[in-house]
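In what follows, a single structure is set out as structure tokens and then discussed.
The values are calculated or read from the model by the stated rules, or taken from the named source; none is laboratory data. No experiment lies behind these values; they were computed from the predicted model shown. FYI the Cβ positions are ideal-geometry reconstructions off the backbone, even for glycines, and counts take in every protein chain you see.
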Amino acid sequence: MKNQSALTCKKLYGIYKKYQLRYNRSCTSGQICLMWSTYRLPDVLTETKQISEIEKAFAIELDEDDAIELYDMTLNEAVTFIERRLRRQE
């Protein structure tokens, strides 16, 4: 289980860093919301590249409520959220 958690964290962290560096270079709090611009927030999260990349990386589907919940999480909370979602799909 720890190995799976480490893999999930590594994958999500890679996605997080890709977008976090693009929009919020100086902030290192681990908040998932930092993957989006703070000046031009999306109207619909599920239509963003960030959510699409998370869905593809973990082979999950997120509805808008899931995406909003994920947006408000820290990186560690998001790892737990994704792992629970993956277990539900098994």
- Residue that is nearest to the chain's Cα centre (by Cα), among those in the range 25-83 that are under 22 Å from ALA6 (Cβ atoms), loosely packed, with under 13 Cβ neighbours inside 10 Å and of a type in the set (S, T, N, Q): ASN76
- For the range 69-90, how many residues meet the condition of being in contact (Cβ under 8 Å) with a residue 40 or more places away in the chain and outside any helix (DSSP H, G or I)? 3
- Query: How many residues does the range 46-60 hold that are in a helix (DSSP H, G or I), of a type in the set (Val, Ile, Thr) and more than 17 Å from CYS9 (Cα to Cα)?
  - Reply: 1
- Message: Filter the range 1-43 down to the residues that are part of a loop (DSSP other than H, G, I, E, B), of a type outside the set (Ser, Thr, Tyr) and either under 15 Å from LEU75 (Cβ atoms) or at pLDDT below 90 (or both) and list them by number.
- Response: MET1, ASN24, ARG25, CYS27, GLY30, TRP36, ARG40, LEU41, PRO42
- Item | Residue match in the range 49-66 (condition: modelled with pLDDT under 90 and of a type outside the set (Asp, Glu)) | no
- Which of the residues belonging to the range 53-68 are without any contact (Cβ under 8 Å) to a residue 40 or more places away in the chain and either among the aliphatic types (A, V, I, L, M) or out of contact with any Ser or Thr (no Cβ under 8 Å at 6 or more places or on another chain) (or both)? GLU53, GLU55, LYS56, ALA59, ILE60, GLU61, LEU62, ASP65, ASP66, ALA67, ILE68
